[in-house]
Amino acid sequence: MANTEHFLDAGDVHPIDVVETLAEHYEWDFDRVAEDQIAMAVEGSWRTYSITLAWSAYDETLRMVCTFEMDPPKKTLPTLYHILNEVNDTCWAGSFSLWAEQKLMVYRYGLLLGGEANAGPEQIDQVLTAAVAACERFYPAFQLVCWGNSPVKEAMKIAMTEAYGRA
């Protein structure tokens, strides 16, 4: 998703229009839920992630919520909450939480665009890329603590940082 071409001038374009153009560019399934909201499905290595972006003109924030199904056994919830704290300590932007009632793991991020700032395609692409990358990075660790009975410290070792260079 990185290095998006300048195929849309974000001068005075609605942020959700920018997201819609990106979704079309990447050929993602999406639904323009409302003028200020879009939902899409992005295929990852581990899962298909449901991503919703909503624009709030009131607080000038583009909110992104990326979810995947997660229904951990109740006995593993304390360990899952422990690893969520560890994971969130490593996330510079965005954070994870479990919506237990909806059976969803959620990664959330808010892009503040105060002072009439505009979000360009590269900026929104970066938000989407970071969300999918975080979910891909930590999904195995969540699985290990919930269904593999792994200790948090061991599960966190599986969540490697981004590799640089080429093999």
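The values are calculated or read from the model by the stated rules, or taken from the named source; none is laboratory data. What you see is a predicted model, and the numbers here were worked out from it, not measured in a lab. Note that each Cβ is placed from the backbone with ideal geometry, even for glycine, and that neighbours are counted across all protein chains shown. Note: areas computed on protein heavy atoms with side chains; ligands, DNA, RNA excluded. Shrake-Rupley method; radii C 1.70, N 1.55, O 1.52, S 1.80 Å.
Structure data summary
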{"read-out": "Cβ-based charge dipole, the chain, positive-most Cα from Leu80, Ser95, Val106", "value": "Leu80"}
{"read-out": "Rounded, prolate or oblate (a/c below 1.5 giving rounded, otherwise prolate when a/b exceeds b/c) for the range 19-85 by Cα gyration tensor", "value": "oblate"}
{"read-out": "Range in the chain, longest, excluding exposed chymotrypsin sites (Phe, Trp or Tyr not before Pro) [loop by DSSP; at most 12 other beta-carbon atoms within 10 Å]", "value": "93-163"}
{"read-out": "Entry for Rg and Dmax of the Cα atoms in Å (calculated from the structure that is shown) out of (1) 20.9, 60; (2) 17.2, 53; (3) 16.8, 51", "value": "(3)"}
{"read-out": "Mean separation of Cα contacts under 8 Å (6+ apart) over length of the range 37-119, as relative contact order %", "value": "28 percent"}
{"read-out": "Using alpha-carbon coordinates, inclination of helix 15-26 to the longest axis of the chain, degrees", "value": "70 degrees"}
{"read-out": "The chain, accessible surface, carbon-and-sulfur percent (1.4 angstrom probe)", "value": "49 percent"}
{"read-out": "Virtual spin-label span in nm between Glu60 and Arg32, 7 Å along Cα→Cβ", "value": "2.5 nm"}
{"read-out": "Nearby aspartates and glutamates by direct alpha-carbon distance to Lys74 (threshold 18 angstrom, same-chain neighbours under 8 apart not counted)", "value": "Glu101"}
{"read-out": "Accessible area per residue in Å² at 1.4 Å probe, computed on the range 1-146", "value": "53 Å²"}
{"read-out": "Highest-MSF residue in the chain out of Ser50, Ser150, Ser95 [GNM, Cα springs under 10 Å]", "value": "Ser150"}
{"read-out": "Cβ-placed point charges (K, R +1; D, E -1), dipole of the range 1-134 about Cα centre in debye, nearest 20", "value": "900 debye"}
